[in-house]
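For reference, the structure discussed in these notes is given below.
The values are calculated or read from the model by the stated rules, or taken from the named source; none is laboratory data. All values reported here derive from a predicted model rather than from experimental measurement. Cβ sites come from the backbone with ideal geometry, for glycine too, and all protein chains shown count toward neighbours.
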Amino acid sequence: MSSSRARPTKRQRTFGAATEDDDPNVHLSQGRYQNPVSTRSVGGPLPSLTTCCARAFVKHLEKLSADQYAWEAVLGWLKLIPEPLVPKLFAMLKAAHPTLLKSEFIVCNFMRGRILSLTSDLPGVGSHTIQSISRMAPSLTELHLNGFPKISDEVFSSTVASLPLLEVLDVHGCNRVGALTAEATNSHCPHLSSLDLSHTSVTPVSLAGVLQNCGRLETLKVAGMKNWTDATFEKLMTALVGTPLPNIKKLKFSQLPLSDNSVAPLLDLCRNLRSLDVSFTLVKNPHKYLVLEENVGQTLEKLDMSCTPLTSSSLFATVKHLSGLRKVLLGAMGSTGSSAGLTAATMTNETLDKLTTVFMGFRHLETVSLVGNVKLGLSSTRSLRNFIAEVGRRCKKLNMSSLSHLKSSDLESLFPSESDPSTSPLRVLILNNTSIGDDAAPFIGSCEELEELGAASTKFTTDGIFAIIESCKKLQNLDVTSCRQIPILDRRRIFGVGGI
């Protein structure tokens, strides 16, 4: 490709934008990244015969459906597929041919078994399709309905009311789901263990009955809820007075304008919590209630406090006692919806030095995210290098995206050293929107277990990326979006360039 060809404007994703987990309009059939990435298959066990057959069927679906005689036979064969294989085949068809899956075809062939997942990616799915789910009542235990903004609360509530065996209910992104569906869940789903109401219209007080009557509930997700405030949340806490929630292990309260006044009393009821997500909230002082000996601090395995207005002292006071953490996400600390950037940032080099010392003693820590902490490395990158050497290289997943001061030489700490001669176990390394380039290739290449690398909007050239691919034999997903030193047409097929 000629170097004189016009280059597109460089697109950088603002930290704090909705992710795949939070945006109901994202196509759920897409992979981890929003932008296309280059992928390859690496050596592994041969696929099973059922997988090979499913792949062949999916590949030739259009041809088969065009032949009326063959299609009639196919419809008969589909009814003979064992129920445990139905969700797998359906998922493959949704990913490859979403527009070909009409409502009648879905209802007649895939509404059986224990698990069903429907998303707005399927244009054939409407209210009638949702209502037809009731036919699965004798067996359905797991239901995912995601991204249906126009289907009414009445349709969802009548469907849920007909499914007494439900254990998992996910209506993420169904904007009109509200009090009726919450009441149906409360009254008709006694076995429920996981509930995702993110981006719906359910009010806090509507959850009271669910929390009181669904005694097996372990996971509750309520991210991005409109009109949730400390005032409306107080009504829920009033209704829950004297109601302990010992089985709740996972809470996601992301993208809610809730402060410590709401979060603290709720956590006091959840004494066995394992995972807490309060990212994009107004929480400021979790150390005052999260790490008390009689509370949940010692049992936490995952903590996400990204984009919260915590000061450095509050952050350090919170995490220093959470020695059981396996996953900690501390992106863009200090930033909120109304305050972001260098002025609002609270994580400094000094903060990182303290966290590094603490995390060195966390034996189970596997995942760390520092994305978007723009003050890190501002005057010196010594703290970043030390963090990578003492903590980062021991993790399985490390996200240091949007750290504008991070340099290629800082990644030298990924190399084995005298104090730690072992190879880094890193499997996922995300370095998007940083200043690293080809000089970092040997350091990244030393991570022999690496399976996924994010290098979007960096200074890598094709030569540097080739060196990493050559060294990291297990690398399967590689994002080089907006790397201007790599030809545009090569970015999505980088594994296939040059015979690699």
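Worth a mention:
- Only one of 256, 300, 290, 217 that is crowded, with 18+ Cβ neighbours inside 10 Å, within 23 Å of the chain's Cα centre (by Cα), over 22 Å from residue 200 (Cβ atoms) and not hydroxyl-bearing (Ser, Thr, Tyr): 300
- For region 221-234, the condition holds for no residue, the condition being that it is more than 25 Å from the chain's Cα centre (by Cα) and among the basic types (Lys, Arg).
- Answer residue from region 130-155, given it is outside any loop (DSSP other than H, G, I, E, B) and touching a strand residue (DSSP E or B) at 6+ places or on another chain (Cβ under 7 Å) and is surrounded by the most Cβ atoms within 10 Å (Cβ to Cβ) among those: 145
- Between 47, 87, 98, the distinction of being of a type outside the set (Gly, Ala, Ser) and loosely packed, with under 14 Cβ neighbours inside 10 Å belongs to 47 only.
- Hits in region 309-354 (condition: part of a helix (DSSP H, G or I) and touching a Leu at 6+ places or on another chain (Cβ under 8 Å)): 315, 316, 318, 319, 349, 351, 352
- The set of residues in region 94-105 being within 22 Å of residue 138 (Cα to Cα) and not charged (D, E, K, R) consists of 103, 105.
- Some residue of region 188-204 being in a helix (DSSP H, G or I) and among the aliphatic types (A, V, I, L, M): no
- Note on region 448-464: among residues that are touching a strand residue (DSSP E or B) at 6+ places or on another chain (Cβ under 7 Å) and crowded, with 24+ Cβ neighbours inside 10 Å, the one that is nearest to residue 414 (Cα to Cα) is 450.
- Residues satisfying the stated conditions in region 264-277, i.e. under 17 Å from residue 218 (Cα atoms) and of a type outside the set (D, E, K, R): 266, 267, 269, 270, 272, 273, 275, 276
- When region 193-205 is filtered for residues that are buried (at least 21 other Cβ atoms within 10 Å of the Cβ) and either touching a Gly at 6+ places or on another chain (Cβ under 9 Å) or modelled with pLDDT under 95 (or both), the ones remaining, listed by number, are 198, 199, 200, 202.
- Of the residues 240, 220, 180, the single one that is in contact with a strand residue (DSSP E or B) (Cβ under 7 Å, 6 or more places away or on another chain) and of a type outside the set (D, E, K, R) is 220.
- Restricted to region 37-120, the set of helices (runs of 4 or more DSSP H) holding at least 1 residues that are within 21 Å of residue 131 (Cα to Cα) comprises 86-96, 103-110.
- Pairing each residue of region 478-490 that is surrounded by fewer than 22 Cβ atoms within 10 Å (Cβ to Cβ) with any residue that is aliphatic (A, V, I, L, M) and not in a loop (DSSP other than H, G, I, E, B), provided the two are 6+ apart or on different chains, yields C-beta distances under 7 Å for 490/497.
- Criterion: under 16 Å from residue 304 (Cα atoms), in contact (Cβ under 8 Å) with a residue 12 or more places away in the chain and crowded, with 20+ Cβ neighbours inside 10 Å - qualifying residue of 370, 376: 370
- When residue 381 is tested against (1) closer than 25 Å to residue 449 by Cα; (2) surrounded by fewer than 21 Cβ atoms within 10 Å (Cβ to Cβ); (3) in contact with an Asp or Glu (Cβ under 9 Å, 6 or more places away or on another chain), exactly one condition is not met: (1).
- Region 407-422 - residue that is modelled with pLDDT of 95 or more and among the polar types (S, T, N, Q) and, of those, nearest to residue 460 (Cα to Cα): 408
- For region 74-93, the set of residues classified as over 20 Å from residue 141 (Cβ atoms) and touching a Leu at 6+ places or on another chain (Cβ under 9 Å) consists of 74, 78, 93, listed by residue number.
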